[in-house]
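Right, one structure below, let's go through it.
The values are calculated or read from the model by the stated rules, or taken from the named source; none is laboratory data. Remember, it's a predicted structure, so these values are computed and weren't measured experimentally. Glycine also receives a Cβ, built like all others from the backbone with ideal geometry; neighbour counts cover every protein chain displayed. Please note that ligands, DNA and RNA were not included when accessible areas were found on the heavy atoms of the full protein model with its side chains. Shrake-Rupley method; radii C 1.70, N 1.55, O 1.52, S 1.80 Å.
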Amino acid sequence: MAGPALVAVDANRGALADVERELRDRYARHYRIVCLRSASEARAQLEELAAAGDDVALVLAGQGLSETTGIELLDAARHLHPHAKRGLLVEWGSWGDRATGEAIFDSIAHGRIDHYVLRPGASPDEMFHQAISSLLLEWSEAQHAYPYLVQIVGESWSGRAYELRDVLRQCAIPHAFCLADDEDGRAIVARAGDGAQLPMIAFPDGTLLIDPSNADIATATGSDVRPERSDFDLVIVGAGPAGLSAAVYGASEGFNTLVVDQGGLGGQATSSALIRNYLGFPRGVSGRRLAQQAYDQAWIFGANFAFMQRVTDLRRESDRLVLSLSEGGQVRARAVLLATGASYRRLGVPELEALSGAGVFYGGTTTEAPLMSGSDAYVLGGANSAGQAALHLARYARRVTLVVRARALGAGMSHYLVRQVEATPNVRVRLGTEIVGGGGDGWLDHLVLRDHSNGGEETVDADGLFLMIGARPHTDWLPDEVSRDPRGFVLTGADLPGTGEWPLDRDPYLLESSLPGVFAAGDVRHGSVKRVASAVGEGSVAIQLLHRLFVDDRLHPPRRRPQTTVATEG
Ligand SMILES: Cc1cc2nc3c(=O)[nH]c(=O)nc-3n(C[C@H](O)[C@H](O)[C@H](O)COP(=O)(O)OP(=O)(O)OC[C@H]3O[C@@H](n4cnc5c(N)ncnc54)[C@H](O)[C@@H]3O)c2cc1C
């Protein structure tokens with residue numbers, strides 16, 4: 001059978017026979033199953049497949065091989081087949097053995113294996129198959145081998161074609177891009193007929209959109225743009241992790257809930273190829289998958305959504321809060337949750353801004369990383385997102401350089417990521433450095449780096465630049481009644497007393513802003529932890545606070561505390 005290979009290696013004859021039986025029974029129709037007992041045979045086979053340009057989707061190895069360890073073999077496999085998923089086969093209960101436990105922990109932390117897989121037990125072993133199919137799903141997603149793939153066709157990588165890619169990324173929709181004069185591009189353009197304008201989008205159901213608006217795209221993917229009604233208990237602004245979590249809890253607690261997002265689903269999380277520190281996903285989860293599942297969950301509970309709609313204004317009218325939407329119309333709510341998050345700052349180097357989408361990318365690397373195969377990629381930033389981007393790119397690029405302004409990597413990055421970055425051979429770190437220039441003819445080909453210590457500038461070859469340089473909250477549109485810190489993040493709860501901005505005689509609830517009935521959760525909130533789990537947690541807490549708000553309903557009439565100036569006059 002020709003097809004991507006699944007390679008299994010185990011010195012234990014019986015264990016290998018079990019693995020081979022399960023793999024053949026379930027996967028032999030679509031994959032080539034290769035089962036071997038020795039590391040040398042496996043290495044030779046992997047080299048042969050690499051030389052022939054054949055895909056390897058998965059390598060499984062038992063730890064105790066005769067000439068080497070399973071982890072070392074899997075590490076070697078990573079260099080020969082960077083996209084292959086790698087699983088260490090372990091016996092049931094062996095994680096209790098200290099040496100095995102430490103080997104697993106260490107090799108996952110250093111990216112030498114993707115995860116461990118329990119050797120199969122009684123056949124059919126559905127737990128084994130769940131582990132294998134999860135790894136194969138991740139592999140196929142990374143190959144852009146989705147069953148329903150949206151294709152964008154453009155004249156060039158940049159301009160509106162780049163914006164469309166970004167819109168689909170924001171909607172958590174798997175997509176691919178091709179140039180109009182590529183083979184795939186020509187076929188799609190021919191379907192559109194002579195003179196059709198570019199860019200265009202071909203959907204899996206046959207729909208072809210010519211130079212579509214963002215709202216057209218949302219509608220074509222079956223998403224709502226205009227809310228079906230105008231009065232809700234709760235309107236959530238933002239469908240990132242905080243907003244989606246609030247939607248799940250809000251709708252499940254019986255509140256009539258609307259979520260409005262200026263883009264699509266998942267907020268910043270959709271730019272993350274693999275979130276490894278979110279509870280319940282030991283193998284990690286892509287931001288896109290997490291967002292899609294959260295959306296499904298909220299939708300099943302009855303939450304309403306309006307995508308590609310920016311909320312442009314918020315004001316109180318009697319006992320309702322009124323929100324204006326960019327596509328026209330208003331919605332009214334008893335309470336509002338601001339979950340508008342933040343976005344990355346721009347670099348501000350004009351020649352690099354001009355190459356946005358053509359080698360220069362803001363935020364995530366999920367879609368663009370495969371373009372970096374065999375290339376030199378740069379990541380600018382010193383936080384977790386930058387570390388993750390560098391590690392993800394390292395699977396594809398020849399070399400990844402992480403450019404950090406700070407003098408130490410640990411200043412802004414979690415310890416586990418610092419360890420992984422330092423242990424990845426094709427990632428190097430340039431501390432105390434900034435990017436001050438660059439350019440290319442239609443695609444980035446060089447960057448200018450400046451060393452802070454001596455001001456010296458160096459021009460380097462670069463095929464890709466991924467920018468992750470700090471967040472700016474999405475709060476410009478808010479009325480003055482919603483108090484913010486000097487950087488624009490919303491003040492809530494205990495931040496408010498003493499500012500003179502809180503208008504009622506009760507204290508504000510934990511996540512409540514200075515406009516009573518308006519709450520804030522996630523990255524947009526002053527003092528928030530910029531993580532998916534904390535955004536999700538705050539989204540759920542906000543719903544509990546709504547119960548108290550609606551029971552007390554102490555919003556009106558706003559009563560000001562006696563002014564402290566009275567006392568000072570005396
Ligand atoms: C590349 C990358 C990797 C990351 N990796 C991790 C990780 O591994 N682990 C982790 O815990 N965290 C990670 N983070 C951080 C994490 O994604 C954020 O902390 C989290 O997404 C914040 O969620 P949020 O809902 O508060 O805001 P956001 O995710 O920013 O979502 C806000 C939403 O509000 C919408 N919006 C904004 N203004 C308006 C408006 N006026 N009208 C309508 N809609 C509006 C936006 O379109 C957006 O969808 C990563 C971030 C990035 C960028």
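At least 2 residues being under 30 Å from residue 262 (Cα atoms) is the threshold, and among the strands (runs of 3 or more DSSP E) wholly inside segment 401-478 those reaching it are 464-467, 471-473. For segment 305-323, the criterion of being more than 12 Å from the ligand (Cβ to nearest atom), buried (at least 22 other Cβ atoms within 10 Å of the Cβ) and closer than 19 Å to residue 232 by Cβ is met by at least one residue.
For segment 260-274, taking the residues that are within 6 Å of the ligand (Cβ to nearest atom) and assigned to a loop (DSSP other than H, G, I, E, B), the one that is surrounded by the most Cβ atoms within 10 Å (Cβ to Cβ) is identified as 261. In summary, residue 87 fulfils each of the numbered conditions (1) out of contact with any Lys or Arg (no Cβ under 8 Å at 6 or more places or on another chain); (2) in a helix (DSSP H, G or I) with the single exception of condition (2).
Determine whether segment 365-372 contains at least one residue that is over 30 Å from residue 442 (Cβ atoms), open to solvent by 20 Å² or more (accessible area, probe 1.4 Å) and out of contact with any helix residue (DSSP H, G or I) (no Cβ under 7 Å at 6 or more places or on another chain). No, segment 365-372 contains no residue that is over 30 Å from residue 442 (Cβ atoms), open to solvent by 20 Å² or more (accessible area, probe 1.4 Å) and out of contact with any helix residue (DSSP H, G or I) (no Cβ under 7 Å at 6 or more places or on another chain). Just to be sure before I move on: is residue 295 within 9 Å of the ligand (Cβ to nearest atom), touching a residue at least 24 places away in the same chain (Cβ under 8 Å), open to solvent by 30 Å² or more (accessible area, probe 1.4 Å) and under 14 Å from residue 245 (Cβ atoms) in the structure I sent? The answer is no for residue 295. Residue count for segment 1-35, restricted to those that are surrounded by fewer than 16 Cβ atoms within 10 Å (Cβ to Cβ) and in a loop (DSSP other than H, G, I, E, B): 6. Against the condition of a type in the set (Val, Ile, Thr) and either within 16 Å of the ligand (Cβ to nearest atom) or within 20 Å of residue 356 (Cα to Cα) (or both), how does residue 418 come out, does it pass? Here the answer is yes, as residue 418 does meet what is asked. Restricting segment 341-357 to residues that are open to solvent by less than 20 Å² (accessible area, probe 1.4 Å), more than 16 Å from the ligand (Cβ to nearest atom) and assigned to a loop (DSSP other than H, G, I, E, B) leaves a set whose member that is nearest to residue 311 (Cα to Cα) is 357. Being under 21 Å from residue 274 (Cα atoms), touching a strand residue (DSSP E or B) at 6+ places or on another chain (Cβ under 9 Å) and within 11 Å of the ligand (Cβ to nearest atom) is the requirement here; does residue 378 meet it? When the stated conditions are applied, residue 378 does not pass them. Residues 132, 113, 104, 108: which one is within 23 Å of residue 85 (Cα to Cα), among the β-branched types (Val, Ile, Thr) and in a loop (DSSP other than H, G, I, E, B)? The match here is 113. Scanning segment 508-531 for residues that are in a loop (DSSP other than H, G, I, E, B), open to solvent by less than 20 Å² (accessible area, probe 1.4 Å) and within 9 Å of the ligand (Cβ to nearest atom) returns 521, 528. Within segment 36-63, residues that are under 21 Å from residue 144 (Cα atoms) and open to solvent by 30 Å² or more (accessible area, probe 1.4 Å) have Cβ atoms under 6 Å from residues that are modelled with pLDDT of 95 or more and part of a loop (DSSP other than H, G, I, E, B) in these pairs: 55/4, counting only partners at least 6 apart in sequence or on another chain.
Considering only residues in segment 324-340 that are within 9 Å of the ligand (Cβ to nearest atom) and among the polar types (S, T, N, Q), the one that is farthest from residue 521 (Cα to Cα) turns out to be 326.
Can you tell me which residue within segment 494-521, out of those that are among the small types (Gly, Ala, Ser) and closer than 20 Å to residue 235 by Cβ, is nearest to the chain's Cα centre (by Cα)? Checked segment 494-521; the qualifying residue nearest to the chain's Cα centre (by Cα) is 521. Of the helices (runs of 4 or more DSSP H) entirely within segment 175-257, those holding at least 1 residues that are within 16 Å of the ligand (Cβ to nearest atom) and not acidic (Asp, Glu) occupy 214-220, 241-252.
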